[in-house]
1. Under a point-charge model restricted to the Cβ atoms of Lys and Arg (+1) and Asp and Glu (-1), what is the dipole moment magnitude of the stretch 200-358 relative to its Cα centre, in debye to the nearest 20?
2. Lys and Arg at +1, Asp and Glu at -1: add these up for the other residues within a Cβ distance under 15 Å of residue 165 and post the number.
3. Please give, to one decimal in nm, the separation of the simple spin-label points placed at residue 64 and residue 194, each 7 Å out from Cα toward the Cβ.
4. Determine the equivalent ellipsoid of the stretch 224-305 by diagonalising the alpha-carbon gyration tensor, then write out the semi-axes as square roots of 5 times the eigenvalues, largest first, rounded to whole Å.
5. Each residue of the stretch 286-294 in turn: what ³J(HN,Hα) in whole Hz from Karplus with 6.51, -1.76, 1.60 and θ = phi - 60°, glycine and Pro shown as x?
6. Suppose the chain between residue 106 and residue 338 were pulled fully straight at 0.36 nm per residue; how much longer would it get relative to their current alpha carbon spacing?
7. Can you work out the FRET efficiency for the pair residue 88 and residue 162, with r the C-beta to C-beta distance and R0 = 30 Å, to the nearest 0.05?
8. What list of ³J(HN,Hα) values in whole Hz, one per residue of the stretch 300-317 in order, does the Karplus curve 6.51 cos²θ - 1.76 cosθ + 1.60 (θ = phi - 60°) give from phi, with Gly and Pro shown as x?
Amino acid sequence: MLSRKGLIPEDYLLTRLAEDVQQPKYKTKQGKARFVRKNGACNVAHTNIREQGRFLQDVFTTLVDLKWLHTLIIFTMSFLCSWLLFGMIWWLVAFAHGDLDQKGDDFVPCVTDIHSFSSAFLFSIEVQVTIGFGGRMITEECLSAIIILILQNIVGLVINAIMLGCIFMKTAQANRRAETLIFSKHAVISLRNNRLCFMIRIGDLRKSMIISATVRMQVVRRTTTDEGEVVPLDQIDIHMDNPVGTNGIFLVSPLIITHVIDKTSPLYNLSRDDLEQQDIEVIVVLEGVVETTGITTQARTSYVSEEILWGQRFVPTVSEEDGIYAVDYCKFGNTMKVPTPCCSAKELEEAGDSARFSLNDGATSRTSVRRRRKAAVVRKSRMENK
């Protein structure tokens, strides 16, 4: 008997039993790798780094960039190693001075009540964390013990300062604030003011604002220079037309960020068919200062060719209700189809008004066809009644 794996072709996808699927679903083809993922993470792997020592030159940033588990393990091992190291030093001081041997009442030790390595380790912990149980203490007998006490206090303060700084920076990282900055799942290309535009929608879920927010866009694609050099990730800046007409945006409600596709745009020669065939990626970067903390934050996303919808626009999300403006985030990524020419912005500009007339004529012709069909049906029904 054939196995289930042998009966089902690899080109088909298994669907759930609850789905009523009339036709089999095929796997989508493996597309081009993204330079920036939808969540903003950069899809870049750094390999063959020979100068690993450069990371140790900036220890603080390295600790902040590590995962929480690794950071906590490093700090725990730092405390344990420092306690053990100075515990060994205190034991050696007591051994050299003869504190471990039983002496008379007139003998003055360097550190009182140290009889073994365990007691020296406990005294090391008491000194560094300033617990001071009172049973063990340093005396004026040994100058070396005083110097070691000063050194251990300095080392403990340095470890505490680095640990508190790393924990504060990790908890107050700007990427946490970026989780509430959202982008539309798709980008759209349609006409706005008789010009072909590339549009996305951004929004902020928190009431605390992003101060001096700015949006930047780049097109990443594979290009070839006139000399034949292949640039696998050519980053080209594209000009933004912010809704408020300035460099900064007032991100209180969701905004539609528009890029007019003109002669300076890398999308100038791109038509709808070219968009389906070419592998391009549009990276969107939103930067600003968090109002509550004053830390600069950055949110990123990208749109590949399959996520750019031609001939659609975003539906409105803001409405006025009882004297206030209400934002419906259920419609944040919703789009609707609008009449849009399939040609590129270059061809549209060269055609001039004829392109708009052809667009209107197409809509008029479709309406006239519907009217003729409806009239023919009415005439046919009248003839049958006669």
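Since every read-out is calculated from the coordinates, none of them should be taken as a lab result. Since we're looking at a predicted model, the values are computed, not measured. Quick reminder, even Gly has a Cβ in these numbers, built from the backbone with ideal geometry, and neighbours come from all protein chains shown.
1. Working: 14 positive and 25 negative charges, 98 e Å.
I would put it at about 480 debye.
2. On the way: positive: 170; negative: 58, 65.
With Lys, Arg at +1 and Asp, Glu at -1, the neighbours total -1.
3. 5.2 nm
4. Details: eigenvalues 179, 54, 31 Å².
In descending order the semi-axes read 30, 16, 12 Å.
5. 10, 10, x, 9, 5, 5, 7, 10, x
6. Values: separation 232, 0.36 × 232 = 83.52 nm, distance 10.01 nm.
Difference between extended and current length: 73.5 nm.
7. After rounding, the FRET efficiency stands at 0.85.
8. In residue order, the calculated couplings are 10, 7, 8, 10, 8, 4, 5, 9, 9, 9, 8, x, 9, 9, 7, 7, x, 10 Hz.
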